[in-house]
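The values are calculated or read from the model by the stated rules, or taken from the named source; none is laboratory data. Worth saying up front: this structure is predicted, and the values here are computed from it rather than measured. Because the Cβ atoms are built from the backbone with ideal geometry, glycine has one as well, and the counts that use them run over all protein chains shown.
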Amino acid sequence: MTFLYDSLADLPQGQVAEISTDPKNNVTAKISDQAGRILSVTSGGQTTNYTYYDNGSKHMTIYPDGFSEEYAYYDNGWLRTLTNKKADQTVIDAYTYTYDAAGNMISKTDGKGTTTYTYDPLNRLETVTEPSSKITGYTFDGAGNRLTQTETYQGSTILDVYTYNTQNRLTGLVTALNGVTAKTVSYAYDHNGNQLNVSTTAYQNGIAGTTETMTNTFDSLNRLIGTGMPDGTNVTNAYNGEGFRVRKDVNGQVAKYVYEGDKIVLELDGLGNQIARNLYGTNLISRTVQGTTLYYMYNGHADVTALIDATGTIQATYYYDAFGNILEQMGNVNNNITYSGYQYDKETGMYYLQSRYYDPIIARFLSEDSYWGDQNDPLSLNLYTYCHNEPLMYFDPSGRWKQTIVNGRVYETAEPGDTLWSLANYYTGWGGNWKELNYSGDPNTMSVGTKIDVTKYRPQNGSSSSSTGSSNTSSKPSNNVNSNSNSNSSSKTNSNSSGKTNSSTNNNSSNSGSSAGPGGTTAVGLGTITKELFKNTVTESVNEALERKINALPKASTVADVLKVTKRTVPVVSVAIDVIDDYQSYQGNNFYKAAAVAVGAVVGGVTAALGGSLVTGIVVGTLVGLTGNYIKRTFFK
């Protein structure tokens, strides 16, 4: 992907034009205002426009052929209505929402009628009553695992009962129809908690029939690389260095994916020919397959509900339950973007959420979350559940943490341990301008529950990734510059209690954060290595982290430059505190509790003995690494 940015191209003051060209020479021009809101997206001579209320909330999306989406809100910013119309103002879909005081959606009114929702004291979805009078109820244990699902409709009851082991891994499911067993499912896992086998046995009149098994294969990074279905379908996946899936093979039929940021903009076949092109604005605008373009309409949860061609004819519709199961579908089109804008794998029935795969039938992920949670937020300690079992108000595009939508804007909600710095580093890039996030409070502290508007940002995994697995990231210059040659990437990791501390590499020495010359820059880099050393040791990634950091450091001009660095340049005490903070993200686990105590003692002792010089930083880093390795071997024999 090649990007050009121009803030002077005959645009009103403050507006910026971004012009991108993908590997198939498709050109897209996006114009944004000074607040970062997309105003228009133009490609192939077709323009989609966006309008906003004075408070920044999305007002309308106006598609090239005149059909539109219009949003209206309550005074507190929660979505009240969303209306999708054709160019002649004929209503395609209309949605009305109401909420309780906690912000939980309690009703949705659409073309089918009114659906109502209730919640338990922990705001987990408890009952769903549909216009057809079908009632679905859920119960949960204290860890957030779904214990039962009960569906009652027209005198019949379907009861699902779930069982788990002590690690919150789903081990069994029994389905009964009016009290008679209809199906049993068993689940098996590897030592890393990845779901390997799903064996399903159907029953007829209470008698067991044949058992069918789905098998999954994961790589050493816990990424799903293969699925074998009972009908003989085999799906294999490949990923690039950013962790994004760039290849999917279904029984020899290959699809390769080209990314812009975290969005798939091109799908290619095995020979590199274009299969489909996706055009994104605030969400997916259109998809073009073999010359035919279909435009996407949404409900208030950003679920795709209808696909419309250039004449305004509806070519496909979708209707979902709360957790993303497709209940009704009309139309035979080439589309894999459905519930909450996620990529749907019809071969397996799972959604690809970038870092993990989500199974809507059981409302769980196939593998553990890389964020281990915080004991101040007990529901976060369950590494498998989806959006804390509150799927109506949240979504999880990265597969790592839930987000919410208010006023048509995407918000990150502060959790225990978050600071504005950690959010800024994640959303605006390492060393990014935290003021862009428009937070008026103390950047060093942030109250739990504070919402930060991150609509215009994507996680800084990189801004483009090719289908062959290479990635190319661009930082945004101030005017007309081809930024394709820059490289600046960062990723959100589980290194503090919120999982938002940033780990980054930046090849531009001007962003090193040091004002003390090459020696100071090197020392600051070594301090960063110190902080990451223990964290990566215990995740068996030391070599990769060290190589990444060291390669990014500018070289000191002389040995004297390094030796002149003092306690003022490398505040090793602060480094030590950050290391201990890293531990707090794992405080729910005895391993990390013991590790925190051990490293605290090491850091305190060494700092006191050596007085906080550069040598202290190096020694502390070494001892922290050795301590982490010792604890890892002791607790994970």
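Some values worked out for this structure:
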{"read-out": "Pick from segment 343-395, criterion assigned to a strand (DSSP E or B) and at pLDDT below 95, ranking: nearest to the chain's Cα centre (by Cα)", "value": "F395"}
{"read-out": "N192 being touching a residue at least 60 places away in the same chain (Cβ under 8 Å), loosely packed, with under 15 Cβ neighbours inside 10 Å, within 30 Å of W372 (Cβ to Cβ) and in contact with a strand residue (DSSP E or B) (Cβ under 8 Å, 6 or more places away or on another chain)", "value": "yes"}
{"read-out": "Residue tally, condition under 19 Å from D303 (Cα atoms) and of a type in the set (K, R), over segment 27-75", "value": "1"}
{"read-out": "Residue within segment 235-246 that is without any contact (Cβ under 8 Å) to a residue 24 or more places away in the chain, crowded, with 18+ Cβ neighbours inside 10 Å and not small (G, A, S) present", "value": "yes"}
{"read-out": "Test: residue in segment 398-415 that is at pLDDT 75 or above, of a type in the set (S, T, N, Q) and in a loop (DSSP other than H, G, I, E, B)", "value": "yes"}
{"read-out": "Flag for T114 being at pLDDT 90 or above, more than 26 Å from I264 (Cα to Cα) and touching a Pro at 6+ places or on another chain (Cβ under 7 Å)", "value": "yes"}
{"read-out": "Test: residue in segment 104-120 that is surrounded by 14 or more Cβ atoms within 10 Å (Cβ to Cβ), under 30 Å from N76 (Cα atoms) and aliphatic (A, V, I, L, M)", "value": "yes"}
{"read-out": "Filter result (in a loop (DSSP other than H, G, I, E, B), crowded, with 16+ Cβ neighbours inside 10 Å and free of Cβ contacts under 8 Å to residues at least 60 places away in the same chain) within segment 310-338", "value": "N335, N336, T338"}
{"read-out": "Segment 194-208, subset more than 21 Å from the chain's Cα centre (by Cα) and assigned to a loop (DSSP other than H, G, I, E, B), residue modelled with the highest pLDDT", "value": "N205"}
{"read-out": "Test set (1) surrounded by fewer than 20 Cβ atoms within 10 Å (Cβ to Cβ); (2) more than 17 Å from Q403 (Cβ to Cβ) - G341 fails condition number", "value": "(2)"}
{"read-out": "Failed item, numbered, when L147 is tested on (1) among the hydrophobic types (A, V, I, L, M, F, W, C); (2) in contact with an Asp or Glu (Cβ under 8 Å, 6 or more places away or on another chain); (3) more than 22 Å from E368 (Cβ to Cβ)", "value": "(3)"}
{"read-out": "Filtered residue count, segment 282-300, keeping only those that are within 22 Å of G261 (Cβ to Cβ) and modelled with pLDDT under 95", "value": "2"}
{"read-out": "Matching entry among A143, A101 (being of a type in the set (A, V, I, L, M), more than 30 Å from T313 (Cα to Cα) and in contact with a Pro (Cβ under 8 Å, 6 or more places away or on another chain))", "value": "A143"}
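Yes or no, residue by residue, for (1) closer than 16 Å to T348 by Cα; (2) out of contact with any Lys or Arg (no Cβ under 8 Å at 6 or more places or on another chain); (3) surrounded by fewer than 17 Cβ atoms within 10 Å (Cβ to Cβ):
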residue: L177; (1), (2), (3): no, yes, yes
residue: L221; (1), (2), (3): no, yes, yes
residue: T227; (1), (2), (3): yes, yes, no
residue: T233; (1), (2), (3): yes, yes, yes
